[in-house]
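Asks: A single structure is presented below for examination.
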Amino acid sequence: MLPTPSTSHVCFDRIYEPAEDSFLLLDTLSSASETSFLKERFSAQADGQDSNASGSSCTPLVLEIGVGSGVVLAFVAANAKTIFGRDDVLTLGTDINSFACQAASSTVQNAINETKSSTTFLDIVNGDLASSLHPHSIDVLIFNPPYVPTPCVPSLPLHPNINSKPTPTFEEESHLLALSYAGGAEGMEVTNRMLVQVPQTVSRRGVAYVLLCAQNKPEQVKERIRDWGEGWKAETVGSSGKQAGWERLQIVRIWRDGE
Amino acid sequence: MKILTLNFLTCARKLCKSSNTAFPLHPQDAELEIVEQDMNVEFLRNILPRLMWEELSGVVGELGLPALPPTVPTLESLTEKKLKAAENDPTGMNVVEVEVPSQVALDLHRLLLETCVKEGKLVCGSCGHEYQVREGIANFLLPGHLV
Ligand SMILES: C[S@@+](CC[C@H](N)C(=O)[O-])C[C@H]1O[C@@H](n2cnc3c(N)ncnc32)[C@H](O)[C@@H]1O
Ligand SMILES: [Zn+2]
């Protein structure tokens with residue numbers, strides 16, 4: 001098993017603490033089946049439109065939306081060679097919580113230094129989903145969303161003021177934590193907004209990994225993705241917490257085949 | 001925030017998505033800092049085809065940094081051969097040829113990966129919206145009426 005990046009510097013009063021969902025992402029991304037899928041898709045030798053003059057395929061860009069503590073992105077950055085079979089990989093993150101952006105930035109940089117990985121960490125951007133990303137630039141998109149069904153998703157307008165404070169109050173910290181788990185109706189309000197952005201965010205060779213829980217009705221979500229047409233596929237590639245035949249959590253891979 | 005990150009960011013507003021002046025964002029009142037990073041020539045080689053060369057050149061000019069070469073460097077120009085004394089050779093008589101990063105590669109590395117915007121703003125060329133950068137983190141959250 002690959003080591004889990006350290007998050008001991010992260011304040012969990014205002015940033016999501018790595019939990020079963022985070023670890024399911026780590027396990028899935030480093031599983032034998034996913035690493036062989038990713039290695040083949042992003043192999044350094046691949047040619048085609050994504051390659052440079054000497055025929056090696058250009059650097060894959062990994063985006064994690066909602067990095068929180070940064071544990072997932074740091075894991076990918078530190079273990080890129082095992083996951084992708086190459087270490088010229090770029091990592092970039094976003095989160096709506098500015099404290100998470102600062103913390104995750106350190107988590108990723110520390111993990112890279114510690115493992116002497118030669119991947120390149122870009123930045124963590126404080127933003128909503130992938131809205132600030134240049135279209136079709138992302139090769140691997142990862143999202144562990146706020147997925148718990150709740151009466152509503154915390155309001156965003158209230159939010160910029162909290163982000164600019166040096167020390168948020170207790171209520172403000174609760175708001176930040178609510179943003180990390182509260183998914184609104186069926187737990188899908190934030191995830192649905194993100195899924196809409198997938199086709200315009202990822203590249204032709206792009207792949208997205210999205211975590212869903214049983215209440216999100218994963219089978220229906222996958223059907224909806226397949227209905228996008230144009231060869232879009234969605235399959236469950238990792239799961240945990242089997243209860244009475246139900247997977248409590250699962251990771252869905254979203255991608256298109258061929259060139 | 002690294003200069004290379006600007007190669008992948010655009011205005012977050014919906015109405016700017018189809019505008020070709022929303023990319024690249026223009027840094028203004030930028031306070032820069034240098035954060036040293038390890039050099040990886042392989043990475044530079046494979047990132048070249050992804051760079052929006054003209055747009056990045058513009059950004060570099062706006063920041064008052066030394067200009068990029070007028071055209072994308074060739075892969076060969078990123079390394080050069082150098083003669084070096086062979087290791088474990090006390091006589092110093094034996095030399096070996098090694099491949100080292102060229103000045104072109106070193107300059108590109110310094111500019112794209114080590115030069116960071118610490119404070120300042122990023123301005124959209126289409127709608128004029130200003131995104132603040134504080135402590136190296138760019139804030140792309142939009143006020144409610146602009147979403
Ligand atoms: C369940 S936590 C996952 C954190 C981390 N990736 C992990 O796996 O441990 C969800 C994260 O998404 C962030 N988030 C929620 N809504 C968001 C949005 N609209 N755009 C960007 N990030 C968002 C939260 O702040 C939180 O950090
Ligand atoms: Zn704009």
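Asks: Which residues in region B:87-120 place their backbone N less than 11 Å from a point set 7 Å from the Cα of B:A67 along the Cα-to-Cβ direction?
Replies: Flagged as within label range: none.
Asks: Using the Cα atoms as the points, what is the convex hull volume per residue of the protein assembly as shown in Å³?
Replies: 161 Å³
Asks: Dipole of region A:22-144, Cα-centred, from +1 at each Lys and Arg C-beta and -1 at each Asp and Glu C-beta, to the nearest 20 debye?
Replies: The dipole of region A:22-144 has a size of about 200 debye.
Asks: Now, a different point. Using +1 at the C-beta of Lys and Arg and -1 at the C-beta of Asp and Glu, which of B:A138, B:L6, B:C16 has the Cα lying farthest in the positive direction of the dipole of region B:4-146?
Replies: B:C16
Asks: Averaging over every viewing direction, what projected area does the convex hull of the Cα atoms of region A:20-256 cover, in nm²?
Replies: Here the figure is 13.4 nm², rounded to one decimal.
Asks: What does the charge dipole of region A:108-181 about its Cα centre add up to, to the nearest 20 debye, if the Cβ of each Lys and Arg holds +1 and the Cβ of each Asp and Glu holds -1?
Replies: Computed about the Cα centre, the dipole is about 80 debye.
Asks: On average, how much area does the Cα convex hull of region A:1-155 cover when viewed from any direction, in nm²?
Replies: Projected over every direction and averaged, the Cα hull of region A:1-155 covers 10.0 nm².
Asks: Report the normalised scattering of region B:95-138 as log10 I(q)/I(0) at q = 0.22, 0.23 Å⁻¹, calculated by the Debye formula with identical scatterers on the alpha carbons.
Replies: Log10 of I(q)/I(0), two decimals: -0.81, -0.84.
Asks: When the chain is fully extended, how far beyond the present Cα-Cα distance does A:S31 get from A:Q109, taking 0.36 nm per residue of separation?
Replies: Extending this stretch completely gives an extra 25.7 nm.
Asks: Residue by residue through region B:50-56, what is 3J(HN,Hα) from phi via Karplus (6.51 cos²θ - 1.76 cosθ + 1.60, θ = phi - 60°)? Round to whole Hz and write x for glycine and proline.
Replies: Rounded to whole hertz, the list is 8, 7, 8, 4, 4, 5, 5.
Asks: Also: Which of A:W228, A:W255 comes first, and how do the rest follow, when ranked by fewest Cβ neighbours within 10 Å?
Replies: Ranked by crowding around the Cβ, least crowded first: A:W228, A:W255.
Asks: Among B:T91, B:T79, what is the fewest-to-most ranking by other Cβ atoms within 10 Å?
Replies: By the 10 Å Cβ count, ascending, the order reads B:T91, B:T79.
Asks: I've got another one for you. Between A:E219 and A:R193, what is 0.36 nm times their sequence separation minus the Cα-Cα distance? Round to one decimal in nm.
Replies: Between A:E219 and A:R193, full extension yields an extra 7.6 nm.
Asks: Under 21 Å between alpha carbons, and skipping anything fewer than 8 positions from B:K2 in its own chain: which lysines qualify?
Replies: Those lysines meeting the cut-off are A:K116, B:K118, B:K121.
Asks: Could I ask something else about it? To make sure I understand, if each residue's beta carbon is the centre and we count other beta carbons within 10 Å, what order do B:V35, B:V133 fall in, fewest to most?
Replies: With the fewest neighbours first, B:V35, B:V133 line up as B:V35, B:V133.
Asks: Cβ under 13 Å from A:T167's Cβ, A:T167 left aside: what net charge do those residues give with Lys, Arg +1 and Asp, Glu -1?
Replies: -2
Asks: Let me ask something else. Calculate the dipole size of chain B relative to its Cα centre from +1 charges on Lys and Arg beta carbons and -1 charges on Asp and Glu beta carbons; express the result in debye to the nearest 20.
Replies: For chain B, the charge dipole is close to 700 debye.
Asks: So, one more: Mean shadow of chain B, computed from the convex hull of its alpha carbons, in nm²?
Replies: Seen from a random direction, the Cα hull of chain B projects 10.8 nm² on average.
Asks: Something else about it: Give me a single rounded figure for B:7-14: the average over its residues of other chain Cβ atoms within 10 Å of their Cβ.
Replies: 6
Asks: Which of the listed residues, A:T35, A:S22, A:S240, is farthest toward the dipole's positive end in region A:20-256, when Lys, Arg count +1 and Asp, Glu count -1 at the beta-carbon?
Replies: Highest projection toward the positive end goes to A:T35.
Asks: Between B:W53 and A:A19, how high is the FRET efficiency from 1/(1 + (r/R0)^6) when r is the Cβ-Cβ distance and R₀ = 25 Å? Nearest 0.05.
Replies: With R0 = 25 Å, the Cβ-Cβ based efficiency is 0.05.
Asks: Obtain the nm distance between the two label points defined at A:Y181 and B:K14 by a simple spin-label model: each point lies 7 Å from its Cα along the Cα-to-C-beta direction.
Replies: Taking the simple label geometry, A:Y181 and B:K14 are separated by 3.1 nm.
Since every read-out is calculated from the coordinates, none of them should be taken as a lab result. Because the structure is a prediction, the values reported are computed rather than measured. Reconstructed Cβ throughout: ideal geometry from the backbone, glycine too, with neighbour counts over all protein chains shown.
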